[in-house]
1. Find which of A:Gly32, A:Val69, A:Ala49 sits farthest along the positive direction of the dipole of the protein assembly as shown, computed with +1 on the beta-carbon of Lys and Arg, -1 on that of Asp and Glu, about the Cα centre.
2. Could you tell me which of rounded, prolate or oblate describes chain A, using a ≥ b ≥ c as the square roots of the eigenvalues of the alpha-carbon gyration tensor, with rounded for a/c under 1.5 and, failing that, prolate when a/b is larger than b/c and oblate otherwise?
3. Given the -39500 (n - 2.57) contribution per DSSP H run of 4+ residues, what per-residue ellipticity at 222 nm results for chain B, rounded to the nearest 500 deg cm²/dmol?
4. Note the buried accessible area between B and A here, summed over both chains, with a 1.4 Å probe, in Å² to the nearest 100.
5. Which of the three applies to the protein assembly as shown, rounded, prolate or oblate, going by the alpha-carbon gyration tensor with a ≥ b ≥ c and a/c under 1.5 meaning rounded?
6. For B:Phe110, what is the net charge nearby, where nearby means another residue's Cβ is under 11 Å from its Cβ and Lys, Arg count +1, Asp, Glu -1?
7. Using a 10 Å cut-off on Cβ to Cβ distances, tally the other chain neighbours for every residue of B:217-227 and report the average as a whole number.
8. Give me the net charge for the shell around A:Ala168: Cβ to Cβ below 15 angstrom, other residues only, Lys and Arg +1, Asp and Glu -1.
Amino acid sequence: MLRYTLKRSLSLALSLAVASLVIFFVIEVAPGDPASFMLGINAEPDTVAALRTELGLDQSKGERYFAWVQGMLQGDFGMSYTYRTPVAGMIADRMWVSLPLALYALTLSTLIAFPAGIYAAARRGKSGDMAVMGATQLGVAVPNFWFAMILVLIFAINLRWFNAGGFAGWESGLGPALHSLTLPAIALALPQAAILTRVMRSALLDILGEDFMRTARAKGLTRRQALWRHGLRNAMIPVLTIIGLQFSFLLAGAIIIEQVFFLPGLGRLVFQAISSRDLIVVESVVMLLVFAVILVNFLVDLAYALVDPRLRSRT
Amino acid sequence: MTRNLILGGLLSSLVLLAALLSFVWTPFDHTALNIPAKLQIPNGTHWLGTDHFGRDIFSMVMVGARTSIAVALVAVGIGMGLGVPLGLTAAARKGSWLDELIMRGNDLVFAFPSLVIAILITAIFGAGAVNAIIAIGIFNIPVFARITRGAALPLWQREFILAARVAGKGAVRISAEHILPNVANLLIVQGTIQFSLGILAEAGLSYVGLGAQPPTPSWGRMLADAQTMVSFAPHLALIPGSAIIVSVLGLNLMGDGLRDWLDPKLREVRE
């Protein structure tokens, strides 16, 4: 397991290094000089040159790449071109909206998908199964931001159970903060729950055909007992993997959903940064998102090997 | 023919037909402003009502179908065009440095969700439908590369491939003449699924302003426009949303149906 972990860690570091290179050089080819953009068209050439030196733009690309990576490793993401404040602080504030939102949605989708998937698998081919499968088919087809708008229409505008948008802030307490993230989390969770239900169902159905399930039935367990005692545990392997993979989609989805609810998360930050050409903010947010995806995949790999020892020797 | 295939095919054809028809006919000019007739609910003249500028929603949805289909289709083309050869190469050279390079490259691209790619592209070149196509297309490449490699690997162990090698055919010819036809069904099914995901992604990107720009109509942007008016004109949100759902549902059902129809073995395993 140690060797496997080391090998995976090495490939994690390598992926991060290559991803950071790609992001840095993609942003690098962006047209326009940030210094002249910040100062406007009427700026004196020496003022622009002075700002370029201040921002470190006069150094070579290589030097700047290493300075960027070194800074990030120490939690310093540079200064925002537009706001002249540290990017790290801006991101940290927003992350406490986007990350809890993604986790909230992940929890909801798991809470919906597990019972639904188990129910469908236990009633394979019957009307209950058909109804669940029909619902999941519809669930994956619904765009989450549209579903979010419909939720706002019903629960915020008509029933007035929730606010149509905005974030109460964590300083107002856990209850109000979670309350303002509830509709966004439901909207985000629905399509993911539909996918997860299908995975849960098919994983369970695969397990039901296994020999050890027949043995369990043969020794006198009912179909339901066998499913609960032996089926569920074995079906968890593919299901956990999908849950991990979904996290990256949830984080990307959160960025879009934030727009519907006017939440001050990473999404708002990055879209504002794009329109004001604050490239250093775009660069940092993108790096952070990619880092999150790579890290979660790494953790999924480890978790997978932990549950299924056969995988350790294979890779 | 399964029920899924028929129902999915019908829904998809409906959307495709609307898109094609919009080239020659729409009930109204989709760009024509008519402020006195604004925010009408569906009626005899404007079948699906009008938006805040008095534009005919039915016409906009028809032309919007064009944008959705074009973006998703070209993105699938990019994904297949680059991903399939990469997957075939990786399978043919299994275990070599080339295979390793392709697969690690795949992992890397996989770490960039299409939204993130779109953010990067937009930061550099600005927003637009073409950039949405590129973003979704890039995201599709590793999907097709992985599925092609996965399906091609067991084929390389089969006797008919051995026979082809004995006959003196090289890896490239074997991949093109024997492996590709045998993975084609799988690629068609995956293509349908990526097509539907592409429509969803395009809608999402247009919604946040990273996709098609005005005056090109797109379902995602219609929804973005509708957002502030949803309390007094819910049809503005309901109609484009339903169009997206019908397209995606149709394509997904068609994908499921195709899989069952093209591969009876798989059906037995699944059921």
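The values are calculated or read from the model by the stated rules, or taken from the named source; none is laboratory data. All values reported here derive from a predicted model rather than from experimental measurement. Glycine gets a Cβ as well: all are built from the backbone with ideal geometry, and neighbour counts include every protein chain shown. Surface areas here come from the heavy atoms of the whole protein model, side chains and all, with no ligands, DNA or RNA. Shrake-Rupley method; radii C 1.70, N 1.55, O 1.52, S 1.80 Å.
1. Result: A:Val69.
2. The shape class here is oblate.
3. -24000 deg cm²/dmol
4. Using a 1.4 Å probe on protein heavy atoms, the buried area is about 3400 Å².
5. Here the protein assembly as shown falls in the rounded category.
6. Local charge sum for B:Phe110: +1.
7. That works out to 2 on average.
8. Overall, the nearby charge balance is -3.
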